[in-house]
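Read through the structure below, which is laid out as structure tokens, and then see the notes.
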Amino acid sequence: MQRGSNIGYIIAAFPLIAIGTYLLIKKPLWSFIILFVCNYLISGFTRYYPLPIPISLLMDALIACAILTLLIKTTYEKVEWKRIYNPLALIISIWLLYCILELLNLNRASLSDWSVKVRSMSFYPLIMVIMVSVLITKYKQVKLLLLLWAILTILAALKGYWQKNHGFDATELRWLYVEGGYRTHLISTGVRYFSFFTDAGNYGSCMGFSMVIFSIAAIYIKKHWLKGLYIIAGLAGAYGMIISGTRGALIVPFAGFAFFVILSKKIKIALSTIILIITSFCFLNFTTIGENNALIRRMRSAFDKNDPSLNVRLENQKRLKEHLKDIPFGAGIGFGNTRDINNPDYEFMAIPRDSWFVNIWVQTGVVGLTLYVLVLFSGIIWGGYIIFFKIKNKELRGILAALLAGVVGMTASAYGNELLGQYPNCYLYFISFAVVFMGQYYDKELLEKHELLT
């Protein structure tokens, strides 16, 4: 009876599946939009509805669907594949090649562990750049992505607000008390809220990312309703970052806004940003105003050089350095993914890394870390050059500056958190990066439209 019912449901849903498949093939962009939204919500969804497979496999399936619909589209419509030949794709491809060569590392982990970790480390970044290059071909599509991102940011802030003011629900309490989340989220300085993210660190950094992007974009966007939405999203991002209690997330706005000052061609905006940065820094570092508030007190501790948490991290890095001094290519990608107490390297595996860059260092060595940092910084400098010298449209230049400022902020924050390997940041970071490198195409499009109107 149950089997017959399931077959009936499948037959009944077949027309909808067929229509959906047709629409996705007709418009592969929507496969990417679905991937974009799922990337943001998947961690929260699986907390309430655990999947029978790892999250990464589901996301891989969505990526495969997007790529498949794009390939099918090439059979009946021209796709501008030439766009993938851009500097960002090139330098990330070099990093991907290094990660593949890590299979030759004599110290490497198992092939299965390598395959688990290498995806977020190098495959996903290149895939995001390629997909943005060939699917986000119009400026209106960039604004669509930002619209969705703004809405998702506001939802994430509202969920955090609900947790703070109405408490955690049964599923969240189980995660805290049964699965051990309380150790890092119910601490002496107060409660760290995590919304529908994996944890407060991931939540805080992502919200700081959104704060930077939307607060800057709001200055430049022309449509009044979008300007209002971006302002709300920027404030929502700031609120979420603060209630997360994530000290490492504070570097996102500080570094992001400081970089924006360099990109800004308007003296008034640059001066206003500098004053905001200096005022915020002085408030947190040189005053005790608001010390009775747990959230302000925790943010202020980020500037304390004697903070116990910071000292523990530095001590862990010293221990890791001892293990890594004779292995310049690292312990292998995937090292520590599966831990066996009988493994002679168990003590090495168990040392907390607490940083995306330290994680890269452990797995790929000083050679890999150096290459990775060069890739990111080359991309940032190149992206800054594009914005500063190549983009003529003022609104577009402001949007791209906002995205790259967010990237810079997240790059700085990655030293204190392993956020570039987590959903949704691993996708959002490189999507933002890729849009910047496609900026000249959007600028040309807007210039042609302007010429037609005049």
Show me the helices (runs of 4 or more DSSP H) found entirely inside the stretch 306-401 where at least 3 residues are modelled with pLDDT under 90, among the charged types (D, E, K, R) and open to solvent by 70 Å² or more (accessible area, probe 1.4 Å).
308-324
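Keeping to the stretch 402-444, report how many residues are of a type in the set (Gly, Ala, Ser), part of a loop (DSSP other than H, G, I, E, B) and open to solvent by less than 10 Å² (accessible area, probe 1.4 Å). Break it down into steps so the answer makes sense when it comes.
Pass one, the stretch 402-444, residues of a type in the set (Gly, Ala, Ser): 402, 405-406, 409, 412-414, 416, 421, 432, 434, 439.
Remaining after also requiring part of a loop (DSSP other than H, G, I, E, B): 414, 416.
With the extra rule that they be open to solvent by less than 10 Å² (accessible area, probe 1.4 Å), the set shrinks to 414.
Count: 1.
Of the residues ILE216, ILE136, ILE187, ILE154, which is surrounded by fewer than 22 Cβ atoms within 10 Å (Cβ to Cβ) and within 29 Å of PHE259 (Cβ to Cβ)?
Values: ILE216 fails: surrounded by fewer than 22 Cβ atoms within 10 Å (Cβ to Cβ); ILE136 fails: surrounded by fewer than 22 Cβ atoms within 10 Å (Cβ to Cβ); ILE187 fails: within 29 Å of PHE259 (Cβ to Cβ).
Matching residue, one of ILE216, ILE136, ILE187, ILE154: ILE154.
Report whether or not SER301 is modelled with pLDDT under 70, under 27 Å from the mean Cα position of the chain (by Cα) and farther than 30 Å from GLY384 by Cβ. Please lay out each step first, then the result.
Details: modelled with pLDDT under 70: yes; under 27 Å from the mean Cα position of the chain (by Cα): yes; farther than 30 Å from GLY384 by Cβ: yes.
So SER301 passes the test.
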Looking only at the stretch 54-86, which residues are open to solvent by 60 Å² or more (accessible area, probe 1.4 Å) and either in contact (Cβ under 8 Å) with a residue 60 or more places away in the chain or within 21 Å of the chain's Cα centre (by Cα) (or both)?
PRO54, LEU57, ILE67
Name, by its number, the condition in (1) surrounded by fewer than 15 Cβ atoms within 10 Å (Cβ to Cβ); (2) in a helix (DSSP H, G or I); (3) hydroxyl-bearing (Ser, Thr, Tyr) that does not hold for TYR161.
(1)
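Results for (1) assigned to a helix (DSSP H, G or I); (2) farther than 26 Å from ILE399 by Cα, shown as yes or no for each residue.
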{"position": "LEU62", "(1), (2)": "yes, yes"}
{"position": "ARG83", "(1), (2)": "yes, no"}
{"position": "ASN107", "(1), (2)": "no, yes"}
{"position": "TYR124", "(1), (2)": "yes, no"}
The stretch 330-342 residues that are of a type in the set (Ser, Thr, Tyr), paired with ones that are surrounded by 22 or more Cβ atoms within 10 Å (Cβ to Cβ) and at pLDDT below 80 (beta carbon under 9 Å, 6 or more apart)
THR338/ALA109
Filter the stretch 16-32 down to the residues that are open to solvent by less than 50 Å² (accessible area, probe 1.4 Å) and touching a Leu at 6+ places or on another chain (Cβ under 7 Å), then identify the one that is modelled with the highest pLDDT.
PHE32
Is it the case that THR137 is of a type in the set (Val, Ile, Thr), in contact with a Phe, Trp or Tyr (Cβ under 8 Å, 6 or more places away or on another chain) and under 27 Å from PHE194 (Cβ atoms)?
no
Given the conditions (1) in a helix (DSSP H, G or I); (2) touching a residue at least 24 places away in the same chain (Cβ under 8 Å); (3) touching a helix residue (DSSP H, G or I) at 6+ places or on another chain (Cβ under 7 Å), every one holds for ASP113 apart from (3)
Residue by residue through the stretch 33-51, note down the ones that are under 17 Å from VAL116 (Cβ atoms) and outside any helix (DSSP H, G or I).
LEU51
Could you tell me how many of the residues in the stretch 176-203 are in contact (Cβ under 8 Å) with a residue 12 or more places away in the chain, part of a loop (DSSP other than H, G, I, E, B) and not small (Gly, Ala, Ser)?
8
Only unsatisfied item for ARG247, checking (1) touching a residue at least 40 places away in the same chain (Cβ under 8 Å); (2) out of contact with any Ser or Thr (no Cβ under 9 Å at 6 or more places or on another chain); (3) surrounded by fewer than 24 Cβ atoms within 10 Å (Cβ to Cβ), is (2)
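Would you tally the residues in the stretch 33-53 being among the β-branched types (Val, Ile, Thr), open to solvent by 70 Å² or more (accessible area, probe 1.4 Å) and more than 24 Å from TYR441 (Cβ to Cβ)?
Going through the stretch 33-53, the residues among the β-branched types (Val, Ile, Thr) turn out to be 33-34, 37, 42, 46, 53.
Pick out the ones that are also open to solvent by 70 Å² or more (accessible area, probe 1.4 Å) and you get 34, 53.
Now drop any that are not more than 24 Å from TYR441 (Cβ to Cβ), which leaves 53.
The number of residues fulfilling the criteria is 1.
The values are calculated or read from the model by the stated rules, or taken from the named source; none is laboratory data. Quick caveat: nothing in here was measured; it's all calculated off a predicted structure. Here Cβ is always computed from backbone atoms with ideal geometry, including for glycine, and neighbour counts include all displayed protein chains. Surface accessibility is based on the protein's heavy atoms, side chains included, excluding ligands, DNA and RNA. Shrake-Rupley method; radii C 1.70, N 1.55, O 1.52, S 1.80 Å.
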